[in-house]
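This report concerns only the one structure given below.
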Amino acid sequence: MAEDQEEQFSRSQRLKAAVHYIVGSLCQEVADDKEVHFSKQAIAAISEITFRQCESFAKDLEVFARHAKRTTINMDDVKLLARRSRSLYAHISKCSDEIAANSLEQKEKKKKKSGSGGNVSRNSDMDTVFPESKD
Amino acid sequence: MERDQDEVAFPKELVSKLLHEHLKNEKMRVSADALLLLAELLKVFVREAAARTARQALVEDITVGDVEQVEKILPQLLLDF
């Protein structure tokens, strides 16, 4: 049991480190843009906030999907996360349209490929299923 | 996505792991498109946090955004997301 907890702890530490890295680079972009520096503590605070915010996002997404009687979280659920701010909702809706168009395009390509090249199904389920193993 | 090539973004795998870390129902799955969209939302969230912190620092006439400025912008940030 104690090992389980330890494992859980180190896994969330690793996730936090990954978030921290991305947040650091994003803050650097903003810093260059606005000509304001961020202290290390400020960046750490923002990444901690982001990590906690993910928890609330996950819980919301889960109940949204369940409310729609689905077991898969889709883009509509994510759109609902952005419901509180109108401009954010508009931006996320635009992105969702782009993503939908993109994946439709890729599906078409795949269809053409499998139509001409026979049974090439090595990567067919790559973009729908995410394995949990890699780290 | 092409438009994100030179920009920093959350990788899909990381978003997936972050989500599964907090999902209560183990059987809940997440579509690939939803992961991409969530990555965008997280990016906007972080950039908003940073930009608001920077603006707060400028208002206070300092050039370093510290935890104090993050604390000030946090309540409104969380109300907007």
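General observations
- The angle between the Cα long axis of helix B:32-59 and the longest principal axis of the Cα atoms of chain B comes to about 10 degrees, rounded to the nearest 10.
- Per-residue HN-Hα couplings for segment A:52-68 [Karplus 6.51, -1.76, 1.60; θ = phi - 60°; Hz; x = Gly/Pro]: 5, 4, 4, 4, 5, 4, 4, 5, 4, 4, 4, 6, 4, 4, 5, 4, 7
- Rounded Å value of the spacing that divides the Cα centres of segment B:4-81 and segment A:1-58: 9
- Charge dipole of chain B about the Cα centre (unit charges at C-beta), most positive-ward option of B:Leu79, B:Asn25, B:Ala51: B:Asn25
- Close amide H contacts of A:Ile73 (hydrogens built in the peptide plane, cut-off under 5 Å, sequence separation of 5 or more or a different chain): B:Arg29, B:Val30, B:Ser31.
- In Hz, Karplus ³J(HN,Hα) per residue of segment A:71-85 (6.51, -1.76, 1.60; θ = phi - 60°; x = Gly, Pro): 10, 10, 7, 10, 5, 4, 5, 5, 4, 5, 4, 8, 5, 6, 10
- Cα gyration tensor category, rounded, prolate or oblate, for segment B:27-76 with a/c compared to 1.5: prolate
- Under 5 Å, built H, 5+ apart or other chain: amide partners of A:Phe38: B:Gly65
- Here the Karplus relation 6.51 cos²θ - 1.76 cosθ + 1.60, evaluated at θ = phi - 60°, turns the backbone of segment B:13-29 into coupling constants of 4, 5, 4, 4, 5, 4, 5, 5, 4, 10, 5, 7, 7, 5, 7, 4, 10 Hz, with x for every Gly and Pro.
- The Rg/Rh ratio of the protein assembly as shown, with Rg taken over Cα atoms and Rh as the Kirkwood radius over Cα pairs, comes to 1.01.
- Inter-chain Cβ neighbour average for residues A:7-14, partner chain, 10 Å: 1
Each value in this text was obtained by applying a stated rule to the coordinates, not by laboratory testing. What you see is a predicted model; the values in this text were computed from it and never measured. Using ideal geometry, Cβ is built from the backbone for each residue, glycine included, and neighbour counts are taken over all protein chains shown.
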